[in-house]
Amino acid sequence: MARVSMSNLDVNVWVYRSTGLVGGRVDNVYTLGDTIYLKLRVGGSIRFLALEAGVRAHVTSRVSKLEEASRGFPSVVKRHLRDRKLDGVEQLGFDRVLKFAFSGGVELYVELLPRGFAVLVNEGRVVAASRYAELRDRVVKPGVQYRPPPLQTVNPFKLSLEDLASRASVGVDIVRGLVRGVGLPGEVAEEVLFRANVSLESNPKTLGFDVFRRVWEELGDLYRESLEGRGYLLLKEGAPFEATPFKPRRVAEGFVKEFDSFDDALDELFSSRVTFEDQHLRDEIAKLEKSLREAEDLEARYRAEAGARRLEAEILARNYGVVESLIECVRKSWRLRDVSRCGSVVEVDFNKGLYYVDIEGVRVRLNYGEGVQDAIVRLYREAGELEGKARRAREAVVEALGRLSELELKAKARVVTLRARARRIAWFERFRWTLTSNGFLVIGGRDASQNESLVRRYLDERDLFLHADIQGGSAVIVKTQGREPSREDVEDAAIIAACYSRAWKAGLASVDVYWVYGNQVSKSAPAGEYLRTGAFMIYGERNYIRGVRLLLALGLALDNEGNPLAFVGSERVVRRASIAYTILAPGDSRLDEAGLVKDELVKTLDSESKPLAMALDVEQIKTLIPGKFRILKVEIGEGAGLGVL
């Protein structure tokens, strides 16, 4: 989705409409934040192409603050691409990976996937990249053969009606079937269903073929409309929120701004989100960078001067006899104010009592009245003092580098935070939720009112209903969509039922959890009895999971657009989905100390991932912790992400 990064449809449309750039020559390369700008001379006009790994690729007109690339990856791009002709632009598969081919066989790949790379390639091998990493499925390092990430290869807009229906049926609801099974961006799936008058929460297995035909036809119409090249910007509270190549009908008039080109809509969206959003932060970074340069210059000067003093001392020591004769000559001639007969003296200052001699081609300062040994000792002492100053300058450099690193992390975290705030919230996120090992959605009530709503509106006959075997707790549902959960799936859901029950606040180590099918749960009380809000009647045999330990995993996971969010569940599920995670148990830390969890995640991650943890919302974390807690451990996760968002 373009509000965070371009979708596979956005990339496809942009490539289709960008043929006018082919044949342009690279005049220069500029940079601003994490974005590289190629200045292309196309015919008699100049076009600026903005390329930001993990985010965007489009023509921009906002170039007033650009800086010519002078260091890092952008400078390497400039060195290799300047004066080269753009021979072609290609989308790899039907995914968010762009290949820019230049004359001479040089290629620039821009991956718009979350945490994607920009990679400069020559003869198939990596020359340089926006960052380097050894990943599970590939290595991105200089000299290594470039391999793109695993790609979506099927164009979902060209599927047959039968393929569309088959692929969409894998989802627990139709919108997720279109996203996960068919490969549509979330906003496209929602728009197509809106146009086809189909509920997002419909079970795809129960939809008739005529419904899928409507969806298929609307999908084709939307694709043809997108290829026309116009752009549309959705506004939220007056600010750019999402860009699309089709006119969204699912939002009210007045919240959509129309552009003549898709490039203009993308430019409006992304150029309003400069990497360093906060001017104060930018000013502080600039001030620190200046201090850092000054400290580095001082250190270099002090070390150079210290080296010169040591060299002078060594020269005096090697030429001890010669220098001693010179000193004696100067001593005898000083009163006459004429040392011209002392051959190696090149300069004298009678008022300051010093003179300079040339020994071995090196100019050495001597003080009137000091002997050779005195001069050697003095020069070594001065060298030591200068080295001390250099060490203090180095300490200032290290301190400035540390502070600069903190500010840059803070700036990156701010950008991630701004993107995450624009994230579309899924319907189930208003409840407690998690996933199971096999991908079943688990939802639970936050209070009695939500428990009531869950059972009345969302509990189907073959869904599972779970509850801790203790009065007071979350009603938990496993949405099965007609499939049969495994023992592992039930255990994953039982963690939620156990932890979000009164057992946590009571400080228990474990609690039993029972489960039944949805058709065993009723809101109808026996004759003469009354069921309060959030209470239910359970009929038939209950199945028990004994001794469910109150250990809740809370991790940092990424949604499909690379936005960070706190995610809870069983350890095996959270470990797989999260970049890093904690294990919480009942303890003494209060909920207003939830920032401790965030701090531990930040400390555990490397500098590349720290901004993601720094962008986590402490208030969201607080809502996920059942009560007073303690942190048992912090671990690195597998980072597979959340397929449902």
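Taken together, the values in this text are just the output of simple stated rules run on the coordinates, not laboratory data. Bear in mind the structure is a predicted one, so any value in this text is a computation, not a measurement. Every residue, glycine among them, receives a Cβ derived from its backbone with ideal geometry; neighbour counts consider all protein chains shown.
With only Lys, Arg, Asp and Glu charged, each at its Cβ (+1 for the first two, -1 for the last two), find how big the charge dipole of the chain is about the Cα centre; round to the nearest 20 debye.
Dipole of the chain, to the nearest 20 debye: 560 debye.
Return the Rg/Rh ratio of region 8-140 with Cα-based radii and a Kirkwood Rh.
0.93
How do LYS389, LYS598 rank when sorted from fewest to most other Cβ atoms within 10 Å of their own Cβ?
LYS389, LYS598
In whole Hz, with x marking every Gly and Pro, tabulate ³J(HN,Hα) for region 464-471 from phi via Karplus 6.51 cos²θ - 1.76 cosθ + 1.60, θ = phi - 60°.
Per residue, the Karplus-derived 3J(HN,Hα) values read 9, 10, 10, 7, 5, 7, 7, 6 Hz.
Mind checking which lysines have their C-alpha under 26 Å from LYS479, skipping anything on the same chain fewer than 8 residues away?
Once the sequence-local lysines are set aside, what remains near LYS479 is LYS205, LYS523, LYS622.
For helix 595-604, what angle does its Cα long axis make with the longest principal axis of the chain, in degrees from 0 to 90 and rounded to 10?
60
Of HIS80, HIS58, how do they rank once you tally other Cβ atoms within 10 Å and put the fewest first?
Ordered from fewest to most neighbouring Cβ atoms within 10 Å, HIS80, HIS58 come out as HIS80, HIS58.
Taking region 373-480, which GluC sites (Glu not before Pro) meet the DSSP loop condition and have no more than 16 other C-beta atoms within 10 Å?
GLU461
Report the paramagnetic label zone for ARG590: residues of region 609-629 whose backbone N is under 19 Å from a point 7 Å from Cα along the Cα-to-Cβ axis.
Once the point is set 7 Å along Cα→Cβ of ARG590, 618-629 turn out to lie under 19 Å by backbone N, inside region 609-629.
Once amide H atoms are placed 1.01 Å from N in the peptide plane, what residues at a sequence separation of 5 or more from ALA128, or on another chain, have their amide H within under 5 Å of its amide H?
Placed amide hydrogens put LEU120 under 5 Å from ALA128.
How much length is gained if the chain between LEU401 and SER344 is pulled fully straight, taking 0.36 nm per residue apart and subtracting their Cα-Cα distance, in nm to one decimal?
Between LEU401 and SER344, full extension yields an extra 15.9 nm.
With θ taken as phi - 60° and the coefficients 6.51, -1.76 and 1.60, list the Karplus ³J(HN,Hα) couplings across region 436-448 in order, rounded to whole Hz; mark glycine and proline as x.
9, 4, 9, x, 6, 7, 10, 10, x, x, 7, 7, 4
Per residue of the chain, what 222 nm ellipticity follows from adding -39500 (n - 2.57) for every DSSP H run with n ≥ 4, rounded to the nearest 500?
-11000 deg cm²/dmol
Let me have the relative contact order for region 156-271, percent, based on Cα pairs under 8 Å that are six or more residues apart.
Once divided by the residue count of region 156-271, the mean separation gives 21 percent.
If you average 1/r across every pair of different Cα atoms in region 156-271 and take the reciprocal, what Kirkwood value do you get, in Å?
Radius from the Kirkwood sum: 14.7 Å.
Which whole-angstrom value gives the distance between the alpha carbon centres of region 307-346 and region 51-123?
Cα centroid to Cα centroid, the span is 63 Å.
For the chain, can you list the cysteines whose C-beta has no other cysteine C-beta under 4.7 Å from it?
Within the chain, the cysteines lacking a partner Cβ under 4.7 Å are CYS499.
Give me, ordered by chain and number, the residues 5 or more places off HIS467 or on other chains with an amide H under 5 Å from its own placed amide H.
TYR514
To the nearest 10 degrees, how steeply does helix 8-17 sit against the main Cα axis of the chain, on a 0 to 90 scale?
70
For region 8-140, with only Lys/Arg (+1) and Asp/Glu (-1) charged at the beta-carbon, what is the dipole magnitude about the Cα centre, in debye rounded to 20?
In total the dipole reaches around 320 debye.
Provide the descending list of Cα extents for region 427-636 along its principal axes, expressed in whole angstroms.
62, 36, 27
Of LYS352/LYS389; LYS65/LYS290; LYS65/LYS603, which ones are farther than 31 Å apart at the Cα?
Table pairs above 31 Å Cα-Cα are LYS65/LYS603.
Starting from the Cα of ARG249, move 7 Å in the Cα-to-Cβ direction to define the label point; list residues of region 164-179 whose amide nitrogen is under 12 Å from there.
none
For the pairs LYS39/LYS141; LYS141/LYS236; LYS412/LYS505, note any where the Cα-Cα span goes beyond 31 Å.
LYS141/LYS236; LYS412/LYS505
With axes computed from alpha carbons, what is the tilt in degrees of helix 372-421 against the longest principal axis of the chain, rounded to the nearest 10 within 0 to 90?
The angle comes out near 20 degrees.
Between ARG84 and ARG542, what length in nm is gained on full extension when 0.36 nm per residue of separation is reduced by their alpha carbon distance?
157.7 nm
Multiply the residue separation of SER486 and LYS158 by 0.36 nm, subtract the distance between their alpha-carbon atoms, and state the gained length in nm to one decimal.
114.5 nm is the gain from fully extending SER486 to LYS158.
Fewest to most neighbouring Cβ within 10 Å: what's the order for ASP173, ASP83?
Going from sparsest to densest Cβ surroundings: ASP83, ASP173.
Can you give me the Rg/Rh ratio for region 383-506, using Cα atoms for both radii and the Kirkwood formula for Rh?
That ratio is 1.38, to two decimals.
Take the Cβ-Cβ distance between LYS628 and GLN471 as r, set R0 to 22 Å, and report the resulting FRET efficiency rounded to the nearest 0.05.
Computed FRET efficiency for LYS628 and GLN471 comes out at 0.65.
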